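One structure is given here, and the rest of the page talks about it.
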Amino acid sequence: MSLFSTIFATPAKRRIERAGFALYTQAVRAARLPLYYAVWGVPDTLDGRFDLVGLFAAVLIRRLRTESKPGPALAQAVFDAMFADMDTNLREMGVSDMAVGKRVREMWEGFHGRAVAYEAALSTDDEALLAEALARNVWRGSGAGGDGVGLARHIMVVQARLAAQNLADLAAGRIEFPDPEGTQND
């Protein structure tokens, strides 16, 4: 959220932006749980963490954009919060001001491609298709010991639990992601 948009935003828009930021923050917190990296083999790298944050954000945005008002605005606010965070993180890592825009655009394109792949699997509840998309994107097709099936099963649970959550709670920035420990051996 820029200073300009903050000054001129309506109170309703500011509430949506705050809720979107809170939802995105919870998605990041969910994606940072050690089990994904230690047990399911998600690469504990900058790319691996981006892929997992993007996965959680994509599932969340998918849930929100199909809702009635304020769902689509919340989906956009989550997306905006994600890429504002990416911009900030790149700057903190020392990427030059001149290069940040290009890097964020590359990240956006990567996120968009992944979200489309995940959407195809999630819209049909096809766990095998999701596991294939995860293998291609999270493990970059390397076949390097990742548990795409376990992660896909968990993400299907995430999708179902998000679908059951009340839009009013989401609009207030409250969300509950399921614990991966509970789906690890399903």
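The values are calculated or read from the model by the stated rules, or taken from the named source; none is laboratory data. Here the structure is a predicted model, which means the values were calculated and not measured. Positions of Cβ are backbone-derived with ideal geometry, glycine not excepted, and every protein chain shown enters the neighbour counts.
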Exercise for review: Check whether at least one residue in the range 147-155 is modelled with pLDDT of 95 or more and over 22 Å from ASP44 (Cα atoms), and report yes or no.
Suggested key: no
Review point. For the range 169-183, what are the residues that are modelled with pLDDT under 95, within 14 Å of ALA27 (Cβ to Cβ) and not in a loop (DSSP other than H, G, I, E, B)?
Key: PRO180
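Each row is one residue, and each column tells you yes or no for (1) more than 20 Å from ALA164 (Cα to Cα); (2) among the polar types (S, T, N, Q); (3) without any contact (Cβ under 8 Å) to a residue 12 or more places away in the chain.
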residue	(1), (2), (3)
GLU17	yes, no, no
TYR37	yes, no, yes
TRP40	yes, no, no
ASP47	yes, no, no
LEU52	yes, no, no
ARG62	no, no, no
GLU67	no, no, no
VAL78	no, no, no
MET93	yes, no, yes
Point to revise | The lone exception for ALA171 - which of (1) surrounded by 20 or more Cβ atoms within 10 Å (Cβ to Cβ); (2) of a type in the set (A, V, I, L, M, F, W, C); (3) under 19 Å from ALA58 (Cβ atoms) it fails | key: (3)
Exercise for review: Those residues that are in contact with a Gly (Cβ under 6 Å, 6 or more places away or on another chain) and at pLDDT 95 or above, I need them from the range 24-74; list them, please.
Suggested key: LEU64, LEU74
**Study point:** Residues satisfying the stated conditions in the range 128-158, i.e. within 16 Å of the chain's Cα centre (by Cα) and either among the acidic types (Asp, Glu) or part of a helix (DSSP H, G or I) (or both)
**Key:** LEU130, ALA133, LEU134, ASN137, LEU151, ALA152, HIS154, ILE155, MET156, VAL157, VAL158
Point to revise | The lone exception for PHE83 - which of (1) aromatic (Phe, Trp, Tyr); (2) over 20 Å from ILE155 (Cα atoms); (3) crowded, with 18+ Cβ neighbours inside 10 Å it fails | key: (3)
**Study point:** Cβ-Cβ under 8 Å pairs, at least 6 apart or on other chains, the range 97-119 side more than 26 Å from ARG153 (Cα to Cα), far side assigned to a helix (DSSP H, G or I) and among the charged types (D, E, K, R)
**Key:** ASP97/ARG91; VAL100/ASP87; VAL100/ARG91; VAL104/ASP87
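Rundown of residues vs (1) surrounded by 23 or more Cβ atoms within 10 Å (Cβ to Cβ); (2) among the small types (Gly, Ala, Ser), yes/no style:
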residue: ARG15; (1), (2): no, no
residue: VAL28; (1), (2): no, no
residue: GLY41; (1), (2): no, yes
residue: ASP44; (1), (2): no, no
residue: ARG49; (1), (2): no, no
residue: LEU60; (1), (2): yes, no
residue: SER68; (1), (2): no, yes
Check your understanding: Among the residues of the range 105-114, is there at least one that is modelled with pLDDT under 90, buried (at least 17 other Cβ atoms within 10 Å of the Cβ) and farther than 18 Å from PHE21 by Cα?
Key -> yes
Check your understanding: Just wondering, is there one or more residues in the range 120-127 that are without any contact (Cβ under 8 Å) to a residue 12 or more places away in the chain, within 26 Å of PRO34 (Cβ to Cβ) and within 17 Å of the chain's Cα centre (by Cα)?
Key -> no
